[in-house]
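A short worksheet on the structure shown next.
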C-alpha cells in the first residue's frame, strides 16, 4: 500500500491499521462506541485474506482471540468497557499462557451500563491487570485518530515482542472523532518470531502445549517469576509526549483524549504568559515514571487532569513521591469539556502557588 | 529355539497415545474415551496436523495423553477457543474434549453458538452426570433424584430442572453435520463409540460442519460406587434418560442414495 491521507474516524483508523499490520483474524461483538471497527473489518478482513467472526458475546470473542493467538497469527478484538469486563477471563488466560493479541477498548462511562459517552474510568482496569491472578498487559493510549492508526500497528509488534496481550485504551472521543489520518504501511517489517512456539500441528517436531495451569510444587511460582520479569522488561518501553516542560513551573499530566484537550489548554496558558507544560503518557503500562520523576526533581509542580474521579493521579504521585505531590482536577465521565474548561483549573493551580 | 519369533503383536497402544500413567481414578471411563480418540486420530493419519483444545475439569490433562499440539481453554470456552484455532489454521484438524459441566453448563452458549455457526471442529463430550474434578457436584446432566454434594436431597425437577440433553439440542442446529450419543459401558458400545468419533472427525475433514459425540460415562469415585456398579448405572439409569443413537447426520442421505 502507498501512504495516503484520508479523513476517517478513530475507529476506522483502528480497522485500517489492523489490516495494514497484517492482522489475519478479528473477533468482535457489537457495542457502542466502537461499532465502526467490526463493521469495517467485516468487509476488509475477507478482502485481505483474513477471518472475521461476529462472536456470540465478548466472552466468546476473547476466547476465539486466545485460540487464534495461540496459532501465532496476528489477531485482534475491539470493544468498550462492559465488553472488557467479559473479556477479562480470556485476557488472564492469554497473559498466563503468553499468547499475543491486540485488544482495543474504546471506553465509555460506567459503572454498569453507564453511558456511551467518553470516559477514562477504565484506567485502573487497564493498568492493574483487570482480572484475577496479577497479570499485566501492555497498554497504549492514543489521543488522536493518527495515534489510533500508528498505535494499533505498533501494538501487534509489541504483542509478539513480549508474547502478551496489548491493550489500546481509547474512548468515545478518540473512536468517534473524524480527522485526517496518514495511512501507511508498517514502519518495521513484522518479525513475529512465532515459529518457535505457535501451534500449527506438530508435523515432525515435538508436540507443543500453551497453558496457564501449573500444579506441581513451585511450578506456578517459577511461572509467575518469569511473567514478572517480562513486566519488568516492558518498563524499558515507556513513552510520553512532553510539550513545553523544560521551563515549566507547572506540568499538566493527562492522557488520551483529555490529554489532547489539556494540550490546547496548556497552549492557551502559555499564550497568556504562564510557564505551563504538558506531560502526556502514551503508554499507561509501562507508566513513564522515570521521566516524570526527572521533572519533579527539577522542582516542578504537577496537576493531573483525567475524565474520572482520579486514577492515573496515583501513578503520577508514585512517580514523583520523593520530590513533590500532584494536584488533581477531574471531569466526570459523560461531560464534554473544551480547552477553556481545562484552562481554569490550570490557572487556579498557578495562582495557588503564588 | 527362539521363543520371541513365535510372538505376534495383536494389540498395542496407538502411536498417538503417550506412554504415561493417567491421573484418572480406577474405573473411570476417560481412559477409554481418550484411547478411542487417539485410535481414530491414528487411523485417520492426521495427528501431525491436529490441534487439540483442552477444557477444565478432569479432562484438562488430556494433552498429557494424546500427542499433538494443544492449547488450554478457559472453563467452558473450548468451542470458542477452537473456533479461533480453526479460523487461524483452517488446514488443521481441530477438536475439543470436554466434560458435562464445562460444555453444558458454563460453556453452553459457546458450545451451541459454535455448533450453530457450523464451525469445522470436532467435539468429544464426556457425560458422567457430575463435576468430577471438583468433587462430585450436581451437573446440568445430573439425573432427577441424583444425590450429589450440591444436591444432597437429590436433583429436583421443580428447583433444578431436568437434565440437559445435548444431542437433542444440537440436532436442531443446521450447522451440525453429525451428532451422536454413545456409551462406554460394553464392548459393543465402545466399538460403536469409536465409529461415531471417527465420523465426527470425518465431517470436519469433509468440510461439512460441526461434529459432536456424547459419551455416557461413569465416575465411581464421586458416585460412591464400585467400577462395576458405575458401569452398570450407564445401562440401567443413564441410557433410559439419554437414549443412544445418531441425532443428526448430514451424510445419511448420501448413504441412502448410494
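When A:276, A:213, A:189, A:331 are sorted by how many other C-beta atoms sit within 10 angstrom of their C-beta, beginning with the fewest, the order is A:189, A:213, A:331, A:276. Distance from the C-alpha centroid of segment A:102-128 to that of segment B:123-201: 40 Å, rounded to the whole angstrom. Exposure proxy shown here: for A:138, B:125, A:160, the number of other Cβ atoms within 10 Å sets the order, fewest to most, as A:160, A:138, B:125. I need the shape label for segment A:222-261. Rule: rounded when a/c is under 1.5, else prolate if a/b > b/c, else oblate, with a, b, c from the alpha carbon gyration tensor. Verdict is prolate for segment A:222-261. Think of it as helices only: each DSSP H run of n ≥ 4 in chain B is worth -39500 (n - 2.57), and spread over all residues that comes to -8500 deg cm²/dmol at 222 nm.
Note on chain A: with a GNM built from Cα contacts shorter than 10 Å, the maximum mean-square fluctuation among A:128, A:260, A:136 falls on A:128. Averaged over the residues of peptide A:68-76, the number of Cβ atoms from other protein chains lying within 10 Å of each residue's Cβ is 5.
Between segment B:69-115 and segment A:135-205, the C-alpha centres lie 25 angstrom from each other. If you average the sequence gap of Cα pairs under 8 Å that are 6 or more apart and divide by the length of chain A, what percent do you get for the contact order? It comes to 18 percent, rounded to a whole number.
Of all DSSP beta bridges confined to segment B:22-257, the antiparallel ones make up roughly 20%. Using a cutoff of 8 angstrom between alpha carbon atoms and counting only pairs six or more residues apart, the relative contact order for segment A:93-224 works out to 30 percent. Sorted into 10 angstrom bins from 0, the C-alpha pair distances of segment A:62-153 split as 16, 48, 32, 3 percent. As a length-normalised measure over Cα pairs under 8 Å and 6 or more apart, the relative contact order of segment A:157-256 settles at 30 percent.
Taking each DSSP H run with n ≥ 4 as -39500 (n - 2.57) and averaging over every residue of chain A yields -13000 deg cm²/dmol at 222 nm. Of interest is the spacing of the C-alpha centroids, which for segment B:48-66 and segment A:30-51 amounts to 32 Å. Under a Gaussian network description of chain A, with springs only between Cα atoms under 10 Å, the residue in A:105, A:11, A:35 that fluctuates furthest is A:35.
Calculated FRET efficiency, residue A:134 to residue B:171, Cβ-Cβ distance, R0 = 30 Å: about 0.10 to the nearest 0.05.
By the Kirkwood approach, averaging reciprocal distances over each pair of separate Cα atoms, segment B:1-56 gets a hydrodynamic radius of 13.8 Å.
Residue exposure proxy: A:197, B:70, ordered by other Cβ atoms within 10 angstrom of their Cβ from fewest to most, comes out as A:197, B:70. Just so you know, the averaged projected area of the alpha carbon convex hull for chain A sits at 18.7 nm².
Averaged over peptide B:46-53, the number of partner chain Cβ atoms lying within 10 Å of each residue's Cβ comes to 4. Applying the Kirkwood pairwise sum to the alpha-carbon positions of chain B produces a hydrodynamic radius of 18.5 angstrom.
Here the alpha carbons of segment A:241-353 define both size measures, Rg and Dmax, at 12.5, 36 Å. For the protein assembly as shown, DSSP calls about 25 percent of its internal beta bridges antiparallel. Were the residues from residue A:113 through residue A:236 laid out at 0.36 nm apart, the gain over their Cα-Cα distance would be 40.6 nm. Label separation (residue A:57 vs residue A:332): 3.1 nm, computed from points 7 Å beyond Cα along the C-beta direction.
Among the residues of B:60-71, the average count of other protein chain beta-carbon atoms within 10 Å of the residue beta-carbon is 5.
Label-to-label distance for residue A:351 and residue A:4 is 5.2 nm, based on points extended 7 Å past Cα in the beta-carbon direction. Shape annotation for segment A:172-289: C-alpha extents along the principal axes are 69, 38, 26 Å, from largest to smallest. What do you get for Rg/Rh of segment A:1-95 when both radii come from the Cα atoms and Rh is the Kirkwood radius? A ratio of 0.97. On full extension, the segment bounded by residue A:297 and residue A:214 gains 25.5 nm, given 0.36 nm per residue less the C-alpha separation. Using the average count of surrounding beta-carbon atoms within 10 Å as a protection proxy, the listed peptides B:39-50, B:186-197, B:12-23 rank, highest first, as B:39-50, B:186-197, B:12-23.
Bridge orientation summary for chain A: considering DSSP beta bridges with both residues in this region, about 25 percent are antiparallel. Among B:131, B:178, B:24, the largest mean-square fluctuation in a Gaussian network model of chain B (Cα springs under 10 Å) belongs to B:24. Rounded to whole Å, the principal axis extents of the Cα atoms in the protein assembly as shown read 101, 57, 54, largest first. Fully extending the segment from residue A:323 to residue A:204 would add 36.9 nm, taking 0.36 nm per residue of separation and subtracting the current Cα-Cα distance.
Just so you know, all these numbers are worked out from the coordinates, no wet-lab data involved. Quick caveat: nothing in here was measured; it's all calculated off a predicted structure. Quick reminder, even Gly has a Cβ in these numbers, built from the backbone with ideal geometry, and neighbours come from all protein chains shown.
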